[in-house]
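First the structure, in the form of structure tokens, and then the observations on it.
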Amino acid sequence: QKEVEQNSGPLSVPEGAIASLNCTYSDRGSQSFFWYRQYSGKSPELIMFIYSNGDKEDGRFTAQLNKASQYVSLLIRDSQPSDSATYLCAVILLTQGGSEKLVFGKGTKLTVNP
Amino acid sequence: GAGVSQTPSNKVTEKGKYVELRCDPISGHTALYWYRQSLGQGPEFLIYFQGTGAADDSGLPNDRFFAVRPEGSVSTLKIQRTERGDSAVYLCASSFTQGAVTFGSGTRLTVV
């Protein structure tokens, strides 16, 4: 099993709809989870982080975490064409050597159609 | 500086040559990461520094790759005997706390 898995998509939604992006991770001990957005030809930028089970809302974005299911998701409400990008899930994994490393999924490409 | 600075932005090199990629993190950021990203893929972890030491270098593909951060600030990723498969965008990121990183613009490496 890959450390961080995402459906690569593409995911296409109409403008104004809710976009739902999902991610699973392999390390049950992980405590910190992040969503990054990457526009084509640009570097990733942090949009959300979540540490506790449940929902965390920031404007049109909601991150959801379920540690028992090792599942984290990102909901984008009232999707806009400017939200069209690749969304990367990232997890801090604990290594056997006792260190931590930030590992990314493959990303889900989202297209919001006007 | 205001952001993470990576130089050069583009590098074309011949197979077998040696290259150095530089990263200047945000001032005061103790954590520094190197990733490699190929088209259509997520960033692939290479190495993570906390201060001057490499806290985790498990992502370096082989002994042709090496990275240093001698004074806990600027870092250099060094690739010996480059191969065409090394072609990718190399991303550097830094942070105060684990995970909430700021990326540089990347160095696009092309090995011909």
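The values are calculated or read from the model by the stated rules, or taken from the named source; none is laboratory data. None of these values were measured; they are calculated from a predicted model. Here the Cβ positions follow ideal geometry from the backbone for every residue, glycine too, while neighbour counts run over all protein chains shown.
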Check your understanding: If you take the residues of the range A:58-79 that are free of Cβ contacts under 8 Å to residues at least 40 places away in the same chain and not in a loop (DSSP other than H, G, I, E, B), which of them is surrounded by the most Cβ atoms within 10 Å (Cβ to Cβ)?
Key -> A:Ala63
Study note, to complete from the structure: Over the range B:94-112, the set of residues β-branched (Val, Ile, Thr), more than 10 Å from the chain's Cα centre (by Cα) and either assigned to a strand (DSSP E or B) or on the phi > 0 side of the Ramachandran plot (or both) is B:Thr102, B:Thr110, B:Val111
Review point. Of the residues that sit in the range B:42-56 and are without any contact (Cβ under 8 Å) to a residue 40 or more places away in the chain and assigned to a loop (DSSP other than H, G, I, E, B), which one is surrounded by the most Cβ atoms within 10 Å (Cβ to Cβ)?
Key: B:Gly42
Study note, to complete from the structure: Within the range A:35-57, the count of residues that are more than 15 Å from A:Ser82 (Cα to Cα), free of Cβ contacts under 8 Å to residues at least 12 places away in the same chain and part of a strand (DSSP E or B) comes to 4
Practice item. For the range A:24-31, indicate whether the set of residues that are surrounded by 13 or more Cβ atoms within 10 Å (Cβ to Cβ), more than 26 Å from A:Leu94 (Cβ to Cβ) and among the β-branched types (Val, Ile, Thr) is non-empty. Key: no
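Can you tell which of A:Thr95, A:Thr86 is modelled with pLDDT of 95 or more and within 13 Å of another protein chain (Cβ to nearest Cβ)? Reasoning before the result, please.
Numbers: A:Thr95 fails: modelled with pLDDT of 95 or more.
None of the other options fit; the residue is A:Thr86.
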Study note, to complete from the structure: If you go through B:Leu39, B:Leu91, B:Leu60, the only one that is at pLDDT 95 or above, within 14 Å of chain A (Cβ to nearest Cβ) and assigned to a loop (DSSP other than H, G, I, E, B) is B:Leu60
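Take B:Pro8 and decide whether it is within 11 Å of chain A (Cβ to nearest Cβ) and at pLDDT 95 or above. Walk me through how you get there before you give the answer.
Values: within 11 Å of chain A (Cβ to nearest Cβ): no; at pLDDT 95 or above: yes.
Criteria not met by B:Pro8.
Within the range A:103-114, is there a residue that is facing chain B (nearest Cβ under 9 Å), touching a residue at least 60 places away in the same chain (Cβ under 8 Å) and either among the β-branched types (Val, Ile, Thr) or in contact with a helix residue (DSSP H, G or I) (Cβ under 6 Å, 6 or more places away or on another chain) (or both)?
yes
Limited to the range B:94-108, what total is found for residues that are touching a residue at least 12 places away in the same chain (Cβ under 8 Å) and at the interface with chain A (Cβ under 7 Å from one of its Cβ atoms)?
So in the range B:94-108, the residues touching a residue at least 12 places away in the same chain (Cβ under 8 Å) come out as B:94-98, B:101-108.
Cutting the leftovers down to at the interface with chain A (Cβ under 7 Å from one of its Cβ atoms) gives us B:98, B:101, B:103-106.
Result for the range B:94-108: 6.
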Study note, to complete from the structure: Within the range A:7-31, the count of residues that are within 12 Å of chain B (Cβ to nearest Cβ) and modelled with pLDDT of 95 or more comes to 1
**Study point:** Leading residue by the ranking (farthest from the other protein chains (Cβ to nearest Cβ)) among those in the range B:70-88 that are surrounded by 19 or more Cβ atoms within 10 Å (Cβ to Cβ) and either assigned to a strand (DSSP E or B) or within 11 Å of the chain's Cα centre (by Cα) (or both)
**Key:** B:Ile79
